[in-house]
Amino acid sequence: MDKLRVAVVVGSTREGRFGPTIARWVGAGADQHPGFEADHVDLLERATVTKQLGAADAFVVVTPEYNHSYPGPLKSAIDDHGVEWRAKPVAFVSYGGLSGGLRAVEHLRPVFAELHAHTIRETVSFHGGRACFDADGQPLDPGGSAALRRLLDNLAWWGRTLHEARRARPYPA
């Protein structure tokens with residue numbers, strides 16, 4: 001099998017958002033990974049979201065934390081595309097104040113479970129968001145790249161496993 005298609009989803013649609021910077025970094029990491037070909041999914045580009053999500057074998061959701069949870073437009077995109085997420089793995093890269101967006105991730109896990117998507121344990125989070133990146137959009141802490149690699153390795157394993165299972169037999173949801 002060729003590389004898996006991973007959709008890197010920008011979870012915020014706010015003006016001035018930082019998510020696209022992080023998503024570009026994640027996408028570049030996914031493109032360098034031997035298991036993936038990345039597709040950038042911006043929720044602001046509504047006309048292409050359904051097609052992009054449907055074509056994906058796996059997902060990385062890049063989400064900020066707003067008011068101790070995740071953004072409303074991300075919830076709408078999840079709810080509006082139930083079939084596209086089904087029986088596929090989802091990973092998270094989060095950012096935000098002191099919690100680094102981890103409260104948003106913990107709220108997203110049961111939502112994806114209801115859609116029969118599999119969330120992976122590994123998560124990359126940036127405490128302070130913008131302050132964690134340089135002017136070129138690269139993390140200041142080199143540990144971020146190592147954490148992303150671990151996340152992508154696990155996502156590739158789940159992505160390949162679930163892709164093969166879906167090909168062998170339809171998911172019964």
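The values are calculated or read from the model by the stated rules, or taken from the named source; none is laboratory data. Quantities reported herein were computed from a predicted structural model and do not represent experimental measurements. Cβ: placed from backbone, ideal geometry, glycine included. Neighbour counts: every protein chain shown.
Overview of values
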quantity: Test for Gly137: is it within 23 Å of Leu43 (Cβ to Cβ), in contact (Cβ under 8 Å) with a residue 40 or more places away in the chain and touching a Lys or Arg at 6+ places or on another chain (Cβ under 7 Å); calculated: yes
quantity: Hits in the stretch 74-106 (condition: basic (Lys, Arg), under 26 Å from Ala165 (Cα atoms) and either surrounded by fewer than 21 Cβ atoms within 10 Å (Cβ to Cβ) or modelled with pLDDT under 95 (or both)); calculated: Arg86
quantity: Matching residues, the stretch 107-143, being at pLDDT 95 or above, within 17 Å of the chain's Cα centre (by Cα), surrounded by 14 or more Cβ atoms within 10 Å (Cβ to Cβ) and small (Gly, Ala, Ser); calculated: Ala117, Ser125
quantity: Condition met for Ala58 (at pLDDT 95 or above, crowded, with 17+ Cβ neighbours inside 10 Å and of a type in the set (A, V, I, L, M)); calculated: yes
quantity: Top-ranked residue of the stretch 1-36 - restricted to ones that are in a loop (DSSP other than H, G, I, E, B) and basic (Lys, Arg), ranked as farthest from Phe126 (Cα to Cα); calculated: Lys3
quantity: Count of the stretch 62-106 residues which are acidic (Asp, Glu), touching a residue at least 12 places away in the same chain (Cβ under 8 Å) and farther than 17 Å from Thr13 by Cα; calculated: 1
quantity: Failed item, numbered, when Asn154 is tested on (1) touching a strand residue (DSSP E or B) at 6+ places or on another chain (Cβ under 6 Å); (2) surrounded by 17 or more Cβ atoms within 10 Å (Cβ to Cβ); calculated: (2)
quantity: Residue in the stretch 30-46 that is in contact with a strand residue (DSSP E or B) (Cβ under 6 Å, 6 or more places away or on another chain), among the aromatic types (Phe, Trp, Tyr) and touching a residue at least 12 places away in the same chain (Cβ under 8 Å) present; calculated: yes
quantity: Helices (runs of 4 or more DSSP H) within the stretch 39-154 that include 2 or more residues in contact with a Leu (Cβ under 8 Å, 6 or more places away or on another chain) and of a type outside the set (Phe, Trp, Tyr); calculated: 72-80, 82-85
quantity: Members of the stretch 25-39 that are closer than 17 Å to Phe92 by Cα and surrounded by 17 or more Cβ atoms within 10 Å (Cβ to Cβ); calculated: Trp25, Val26, Gly27, Gly29, Ala30, His33, Phe36, Ala38, Asp39
